[in-house]
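Q: Before we start, here is the structure in question, set down as structure tokens.
The values are calculated or read from the model by the stated rules, or taken from the named source; none is laboratory data. On a predicted model such as this, the values are computed, not experimentally measured, just so you know. Neighbour counts are summed over all protein chains in view; Cβ atoms, including those assigned to glycine, are modelled from backbone coordinates with ideal geometry. Protein only, heavy atoms only, side chains kept; ligands, DNA and RNA dropped before computing areas. Shrake-Rupley method; radii C 1.70, N 1.55, O 1.52, S 1.80 Å.
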Amino acid sequence: MADLKGALIGCGFFAVNQMHGWRDAEGARIVAICDRDPERLRAVGDEFAITRRYLSADDLFADGGFDFVDIATTVGSHRALVELAARHGIATICQKPIAPTMEDAEAMVEACAKAGVAFMVHENFRWQSPIRAVKAAIDSGTVGEVFWGRVSFRSGYDVFSGQPYLATGKRFIIEDLGIHALDVARYIFGDATAVTARTRRVNPAIAGEDVATMLLDHKGAITSIVDCSYATRLPIEPFPETLIEVDGSKGTLRLSQGYHLTMHSKDGTKVTNVEPPVLSWAAPPWHNIQESVARIQQHWVEALRAGREPDTSGRDNLETFALVEASYLSAAEGRTVSVAEVIGRRPSQFSR
């Protein structure tokens, strides 16, 4: 079977990881790239030997010759580009966050559904092998019925040097990082029905919040805490590890710093090293994130070939984005916010 042909829009900081992932993917390859910045376009094109280069997305789609598009741009351009792809009947991957507003996000999902094209959000954290190991351990039944959990990402890492635009937005940590942690909470504990959130800006040099704590009520009477910080200085910097705690009726599970997975039950305690592999193009400490990029892209290829909805489809991601919106509303108004308050149409209402 011939490889699926893809195009990449956006050749910025993180897109290089995606290009490496596509080069390794089985069954797909990138044949064209697009960016408004000629220098970034040249740099990525030269590094990955892509000769078809475009400064305009309209020109890219007019020429065609690809099966899917990977949109790796900033959030303000997502809706226009996804709807452009839908009009051309092209399957689409979109970087997170899916959109600036829930209205935009729902419009994007609806446009792809009406066009009959696959739509996936690049929500890669749940594809990290340590997080997959946590889910597999829970599914094995060792800890029994889960009733409480925590997803934590606390760091003092300087993310602004590589992505300076992150310091300028009124929204920061929930929209950029918390969205990943919230999606991991959904993946592990199931959909949430309500959020209680508190935020704070510790770093005076940025515009948005850099600390957030969110209490989630999940279906099935599970409570979880999702906490994120870029203002936490620790003796050993954990970036970019996500730490997870799970309490169940038969035992406990802890994914701790250094990728140690500890399972405890009446049968004893077992500690396993679940550190992800360092891919040939990756480098610590980013190898955790980089591996998840390759894994989600391979999932996309397999889902597209099989004609099935990807796990982090646009329809599914509305539930994650709704938690982001609910968290900001909760923090602003100092109250618990129901997810139903912020999501207009339930994801199940969109055609699969």
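Q: Kindly count the pairs of lysines across the chain whose alpha carbons are less than 28 Å apart, treating pairs on different chains or eight or more residues apart as eligible.
A: Close lysine pairs under the 28 Å cut-off: 14.
Q: Rounding to the nearest 10 and keeping the result within 0 to 90°, find how far the Cα-based axis of helix 129-139 lies from the longest principal axis of the chain.
A: So the inclination is approximately 50 degrees.
Q: To continue, here is another question. Only four residue types carry charge here, +1 at the Cβ of Lys and Arg and -1 at the Cβ of Asp and Glu. Report the dipole size of segment 168-292 about the Cα centre in Debye, rounded to the nearest 20. Write out the running numbers ahead of the final one.
A: Numbers: 12 positive and 15 negative charges, 57 e Å.
Dipole size: approximately 280 debye.
Q: List the trypsin sites (Lys or Arg not before Pro) within segment 164-217 that DSSP assigns to loop and that have no more than 11 neighbouring Cβ atoms inside 10 Å. Walk me through the intermediate numbers first.
A: Values: sites: 170, 171, 186, 198, 200, 201; in loops: 170, 171, 201.
Sparse-neighbourhood loop trypsin sites (Lys or Arg not before Pro): 170.
Q: Can you compute the FRET efficiency between residue 63 and residue 267 using 1/(1 + (r/R0)^6), with r the Cβ-Cβ distance and R0 = 51 Å? Round to the nearest 0.05. Please list the in-between numbers first.
A: On the way: r = 61 Å, r/R0 = 1.19.
According to the calculation, E is roughly 0.25.
Q: Starting at the first residue of segment 263-276, write each ³J(HN,Hα) from the Karplus equation 6.51 cos²θ - 1.76 cosθ + 1.60 with θ = phi - 60°, in whole Hz, x for Gly and Pro.
A: These are the phi-based 3J(HN,Hα) values: 10, 10, 8, 4, 7, x, 10, 10, 10, 10, 8, 10, 4, x Hz.
Q: Which translational diffusion coefficient, to the nearest whole µm²/s, is obtained for segment 252-352 from the Stokes-Einstein equation, given a Kirkwood hydrodynamic radius over C-alpha pairs, 25 °C and 0.890 mPa s? Intermediate results must be reported in sequence, preceding the final value.
A: On the way: Rh = 17.4 Å.
Approximately 141 µm²/s, per Stokes-Einstein.
Q: Okay, next question. Express the relative contact order of the chain as a whole percentage, based on alpha carbon pairs under 8 Å and six or more residues apart in sequence. Walk me through the numbers on the way to the answer.
A: Numbers: 743 pairs, mean separation 65.4, N = 352.
Here the relative contact order equals 19 percent.
Q: Using only the Cα atoms, work out Rg/Rh for segment 111-161, with Rh taken as the Kirkwood radius, to two decimals. Could the numbers behind the result be given before it?
A: Details: Rg = 17.2 Å, Rh = 14.9 Å.
Ratio value, two decimals: 1.15.
Q: So what is the 222 nm mean residue ellipticity for the chain from helices alone, if each DSSP H run of at least 4 adds -39500 (n - 2.57) and you divide by all residues, rounding to the nearest 500 deg cm²/dmol?
A: Values: 9 runs with 114 residues, N = 352.
Result for the chain: -10000 deg cm²/dmol, rounded to the nearest 500.
Q: Grab every C-alpha pair in segment 204-308, bin the distances at 10 angstrom width from 0 up to the longest one, and report whole percents.
A: With a bin width of 10 Å, the distribution comes to 11, 27, 35, 24, 3, 0.
Q: Determine, for each peptide in 108-115, 175-182, 204-211, the mean count of other beta carbons within 10 angstrom over its residues, then list the peptides with the highest first. Intermediate results must be reported in sequence, preceding the final value.
A: Working: 108-115: 20.4, 175-182: 24.6, 204-211: 16.4.
Those peptides, ordered most packed to least, come out 175-182, 108-115, 204-211.
Q: I need the semi-axes of the equivalent ellipsoid of segment 192-261: take the C-alpha gyration tensor, multiply each eigenvalue by 5, square-root it, list largest first in whole angstrom.
A: Semi-axes (√(5λ), whole Å): 25, 20, 7.
Q: Please state the Cα pair-distance histogram of segment 14-99 with 10 angstrom bins from zero: what percent is in each bin?
A: Whole-percent P(r) values from 0 Å outward: 16, 54, 30, 0.
Q: At 0.36 nm per residue, minus the direct Cα-Cα distance, what do residue 260 and residue 36 gain on full extension? Give it in nm, one decimal, please. The partial results should precede the final answer.
A: Values: separation 224, 0.36 × 224 = 80.64 nm, distance 4.27 nm.
Full extension from residue 260 to residue 36 adds 76.4 nm.
Q: Note the direction-averaged projected area, equal to a quarter of the hull surface, for the Cα convex hull of segment 136-181, in nm². Numbers along the way, then the final one.
A: Numbers: hull surface 19.5 nm².
Averaged projected hull area, Cα only: 4.9 nm².
Q: In segment 324-352, which residues have a backbone nitrogen under 12 Å from the label point lying 7 Å from residue 193's Cα in the Cα-to-Cβ direction?
A: Zone members listed by number: 338-340.
Q: If you project the alpha carbons of segment 70-207 onto the principal axes, what extent comes out on each, in Å, largest first?
A: 48, 42, 28
Q: Turning to a different aspect of this structure: Using a probe of 1.4 angstrom, how much of the accessible area of segment 132-219 is carbon and sulfur, in percent?
A: Numbers: 1860 of 3620 Å².
The computed percentage sits at 51.
Q: Ignoring ligands, DNA and RNA, what accessible area per residue does segment 19-133 give at 1.4 Å, in Å²?
A: On the way: 4510 Å² over 115 residues.
Here the per-residue accessible area is 39 Å².
Q: Okay, moving on. For the chain, build the charge dipole from Cβ charges (+1 Lys, Arg; -1 Asp, Glu) around the Cα centre, then report which of 249, 162, 262 sits farthest towards its positive end.
A: Positive-end residue among those listed: 249.
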